[in-house]
Each structure stands twice: as structure tokens, then as C-alpha cells.
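A.B. asks: This is the structure I have questions about; it appears just below.
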Amino acid sequence: MDGFARCAYRRLELAHVYRDTANELCSEDDHNPSVKFFRNKAYYEKVRASALLEMLADIAHNKSMESQQAANTQLTSPPETERFLC
């Protein structure tokens, strides 16, 4: 799971680099086609990073729900020794 988080943050860093590059090109020439290219790249890298982070949040939420359900099951079921005494 740490690999996914690292990948997401690298994508965010890359999006910032693309955005900064687009801003530099925009200051030089506003009608440069490279500006649109780098802005699009920045946007899609940010979208991909957000999707990865959202998946990680869902995974973490599901794991916490599973652990809560397991804890509730352990609390509600009687210990093995009590089952056989009845």
C-alpha cells in the first residue's frame, strides 16, 4: 500500500512540474501550443493521483470496517470453554 501512496505523491509532484512549466511558457508566449500540452498533462496527472489516493482511502476504510466486524464477532461469541460447558 505504501507503493501506491508513493506513486500518487510522485504524480502530484509531476503535476506541479507540468503546471510550473506551463506557467513559464505562458509568460513567454501566451499562444504557445506547448502551454496547452503541459496544462493538460498537469490536469491528468492530478486526476490520476487523486484517483489513487481515493482508492487508498477506500481500502483503509474497508480494512477498518473488517477489523471492527471481527472485533464485534469476537466479543459476541462465547469463548470455546463456555460453549462446551452447557
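The values are calculated or read from the model by the stated rules, or taken from the named source; none is laboratory data. This is a predicted model, so every value here is computed, not measured. Note: ideal-geometry Cβ built from the backbone for every residue, glycine included; neighbour counts use all protein chains shown.
A.B. asks: Would you be able to say whether some residue in segment 8-17 is in contact with a Leu (Cβ under 8 Å, 6 or more places away or on another chain), part of a helix (DSSP H, G or I) and at pLDDT 85 or above?
C.D. replies: Filtering segment 8-17 for residues in contact with a Leu (Cβ under 8 Å, 6 or more places away or on another chain) gives 8, 11.
Then drop every residue that is not part of a helix (DSSP H, G or I), which leaves 8, 11.
Now drop any that are not at pLDDT 85 or above, which leaves 8, 11.
Yes, there is a match, as at least one residue in segment 8-17 is in contact with a Leu (Cβ under 8 Å, 6 or more places away or on another chain), part of a helix (DSSP H, G or I) and at pLDDT 85 or above.
A.B. asks: Still on this structure: Tell me which of these L85 doesn't satisfy, since it passes every other one: (1) at pLDDT 85 or above; (2) more than 26 Å from G3 (Cβ to Cβ); (3) of a type in the set (A, V, I, L, M, F, W, C).
C.D. replies: Against the list (1) at pLDDT 85 or above; (2) more than 26 Å from G3 (Cβ to Cβ); (3) of a type in the set (A, V, I, L, M, F, W, C), L85 comes up short only on (1).
A.B. asks: For segment 51-67, what are the residues that are out of contact with any helix residue (DSSP H, G or I) (no Cβ under 6 Å at 6 or more places or on another chain), surrounded by 11 or more Cβ atoms within 10 Å (Cβ to Cβ) and not basic (K, R)?
C.D. replies: Let us first name the residues in segment 51-67 that are out of contact with any helix residue (DSSP H, G or I) (no Cβ under 6 Å at 6 or more places or on another chain), namely 51, 54-55, 57-67.
With the extra rule that they be surrounded by 11 or more Cβ atoms within 10 Å (Cβ to Cβ), the set shrinks to 51, 54-55, 59-60, 63.
Hits for segment 51-67 are A51, E54, M55, I59, A60.
A.B. asks: Continuing with this model, one more query. Could you tell me how many of the residues in segment 43-67 are more than 8 Å from the chain's Cα centre (by Cα) and within 30 Å of D20 (Cβ to Cβ)? Walk me through it before giving the result.
C.D. replies: Restricting attention to segment 43-67, the residues satisfying the condition of being more than 8 Å from the chain's Cα centre (by Cα) are 43-48, 58-67.
Those still in the list that are within 30 Å of D20 (Cβ to Cβ) too: 43-48.
Adding up the residues that qualify gives 6.
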